[in-house]
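The values are calculated or read from the model by the stated rules, or taken from the named source; none is laboratory data. Here the structure is a predicted model, which is why all the values come from computation and not from measurement. We place every Cβ from the backbone using ideal geometry, glycine too, and count neighbours over all the protein chains shown. When the accessible area is computed, the model is the full protein with side chains, heavy atoms only, and any ligands, DNA or RNA have been set aside. Shrake-Rupley method; radii C 1.70, N 1.55, O 1.52, S 1.80 Å.
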Amino acid sequence: MLSDTGANNLPADVSNPFLSKLTSSPKKGRVSPAEESIATLREGMGRMDISSRGSSLDYLHMERKDSKETNRRELDRFVPSRPASLHHSSHSSTTLPTLALDSHSHGNTPDTSMDRSNSTLADQTTSSLSATLGLPQNNRRILSFRSAPPLASHATSHLDAQRNYLMHSSAAANRGTGSNVAGKEGSKKRAPPYVPERVLDAPGFEDDYYLNLIDWSCANRVAIGLGDTGYVWDAESGTVNALGGGEESEDRPKVTAVSWSDDGAFLAIGTDAGEVEIWDVEEGKKMRTMGGHAARIPSMSWHGHVLSSGCRDGSIYHHDVRVSRHKVMELVGHNAEVCGLTWRSDGQFLASGGNDNVVNCWDGRIGASVLQTGEGVPRGVSKWTKRNHTAAVKALAWCPWQSSLLASGGGTADKHIHFWSTSTGARTSSLATTTQVTSLVFSPNSKEILGTHGYPDNTITLWNYPNLEKIWEIPAHDSRIICSSLSPDGTTLCTGAGDENLKFWKVWEVKQAKKERDDAYDGMGGRSKKSVIR
């Protein structure tokens, strides 16, 4: 009985395609029938040669799926239309794995019908999708950026037109400033002044953010404060004169601010001792010294015969340089150092900025306040106060072509430029920068604003107004820029930095009408100022 169920007498299972015909193996002792059956099955499975196109699991899974979904519609929900060949070929027997048993029976010839079938199906599917979606069948990538983007559909074209109209209308009506001129200025692509026109050595230039040590007069002279001495450099002749250099005094206070009078004849020098010196530049002598401040004077500004000075203790004095009792008014509105101070050209308003992060706008009428100090001096209060900055406000600039526009820039912790309407006190716009703002200058001939910067970039940046689009930005100094001043013709900017250099940058061109007048004046034998720096 055992011999009937042995391995030698076990018939081959020809009905199972996974098993091939068995060969006899030598007996190794007495083996149970169950062990013989397991050994036979293992031997048959070991001789199987499955094709690399699939596995028995794929075969079983496909048979199970085929039997389960025979009565269902063979449609793809994501394909609107599909070739008829897909309805009968997706589950056909030709897609089943090809076994090595069949390949051996056909002379070991590799079956390539599967590749051809798959490629044909892929081509038909791609063609069907292209026809359904309306795409060109030229074998190009769908997300190809070489061709122009499609035009907006008719359903949204009115929205695009409305959006463009609102953008242009809002720019044109931005606080009464037209956008046509600004757009023309911004559209001009001019090369930035990467190289300065001239560089002057300034040893002893104080690297102090709160000081204002440069000013350019209408007579084309540049005043610089170096250490305890003020210097005047003539931009036309190139000569340099020192003010107070002959005085032999070891305890002479340092220069903290310089400011020219409106006619360029007198220079005011603020000192670390809280005094203001008035110098006659032509004669080279000091006219008078005005005291009263309890600390250093980092900022000053002229209007006519009135000189305003800002102190480290937060006070602002109006000095009438014509009279002996020079202090004619005191302004109280800061509780920290006043590092920014500038009059509007018509004298109607005075703007001030301080280390208390405050911007104040003052009424320019001298002595109009009913309040008085203990000395009987009128005491003024600000017209409006703004606290939007989060750092010291030193950079202040009045717009020459829109008198009600004031710009202010903040320090390292703020890095913002705000634009104010002095008529209403409202902030009209803001500009975020990436670095400390040390000074601001409006162009007198074009709707542009320039800013100089300190930590960490030490750059000069030019923006368009009112769009506030950056035109260019250039690296200017090896250290932070402390202050700057614009030439009388409005084309060249002088910057002073902690690297002890003065640099002159040709930022703007001379206005054409003014240039023609200068040429005509020069032709009649007059003195022309076509070139500010010689």
### Query
What are the residues in segment 426-439 that are in a strand (DSSP E or B) and loosely packed, with under 12 Cβ neighbours inside 10 Å, if any?
Ser430, Ala432
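Run down Ile474, Ile482 and say which single residue is under 19 Å from Leu396 (Cα atoms) and open to solvent by less than 10 Å² (accessible area, probe 1.4 Å).
Testing whether each residue is under 19 Å from Leu396 (Cα atoms) and open to solvent by less than 10 Å² (accessible area, probe 1.4 Å) leaves just Ile482.
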### Query
Say we look at segment 285-311 and pick out the residues that are charged (D, E, K, R) and out of contact with any Cys (no Cβ under 9 Å at 6 or more places or on another chain); which of these is most open to solvent (accessible area, probe 1.4 Å)?
Lys285
### Message
Going by what's in this entry, would Gly490 be described as open to solvent by less than 10 Å² (accessible area, probe 1.4 Å) and closer than 28 Å to Arg312 by Cα?
### Response
no
### Query
Within the set of pairs 6+ apart or on separate chains, which have a first residue in segment 230-244 that is in a strand (DSSP E or B), a second that is open to solvent by less than 40 Å² (accessible area, probe 1.4 Å) and of a type in the set (S, T, N, Q), and C-beta atoms under 9 Å apart?
Val232/Ser217; Asp234/Asn220; Ala242/Thr229; Leu243/Thr229
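One line per residue, one yes/no per condition, for (1) in contact with a Leu (Cβ under 8 Å, 6 or more places away or on another chain); (2) basic (Lys, Arg); (3) at pLDDT 95 or above; (4) closer than 25 Å to Thr438 by Cβ:
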position	(1), (2), (3), (4)
Tyr209	no, no, yes, yes
Asn212	no, no, yes, yes
Gly225	yes, no, yes, yes
Val255	yes, no, yes, yes
Ile269	yes, no, yes, yes
Ile278	yes, no, yes, no
### Scan of segment 459-468 for residues that are in a loop (DSSP other than H, G, I, E, B) and open to solvent by less than 20 Å² (accessible area, probe 1.4 Å), ordered by number
Tyr465, Pro466
### Task
Please work out if Gly314 is surrounded by fewer than 23 Cβ atoms within 10 Å (Cβ to Cβ), more than 26 Å from Ser423 (Cα to Cα) and touching a residue at least 24 places away in the same chain (Cβ under 8 Å).
no
#### Entry: segment 403-412, residues that are under 13 Å from His453 (Cα atoms) and outside any strand (DSSP E or B)
Gly411, Thr412
### Some residue of segment 388-402 being part of a strand (DSSP E or B), of a type outside the set (Gly, Ala, Ser), over 21 Å from Asp208 (Cα atoms) and open to solvent by 10 Å² or more (accessible area, probe 1.4 Å)
yes
### Message
Tell me the residue from Asp208, Asp263 that is over 36 Å from the mean Cα position of the chain (by Cα) and surrounded by fewer than 19 Cβ atoms within 10 Å (Cβ to Cβ), please.
### Response
Asp263
### Query
What number of residues within segment 220-229 are crowded, with 17+ Cβ neighbours inside 10 Å and in a loop (DSSP other than H, G, I, E, B)?
2
### Task
Go through (1) open to solvent by 10 Å² or more (accessible area, probe 1.4 Å); (2) free of Cβ contacts under 8 Å to residues at least 40 places away in the same chain; (3) touching a His at 6+ places or on another chain (Cβ under 9 Å); (4) part of a loop (DSSP other than H, G, I, E, B) and name the single condition Ser423 misses.
(3)
### Message
Quick check on my filter: what residues within segment 469-488 are outside any strand (DSSP E or B) and among the acidic types (Asp, Glu)?
### Response
Glu469, Asp478
### Message
Which numbered condition in (1) closer than 23 Å to Ile316 by Cα; (2) not in a loop (DSSP other than H, G, I, E, B) is the only one that Arg365 fails?
### Response
(2)
### Task
Please specify each residue of segment 194-208 satisfying the condition of being within 19 Å of Pro475 (Cβ to Cβ) and either polar (S, T, N, Q) or part of a loop (DSSP other than H, G, I, E, B) (or both).
Tyr194, Val195, Pro196, Glu197, Ala202, Phe205, Asp207
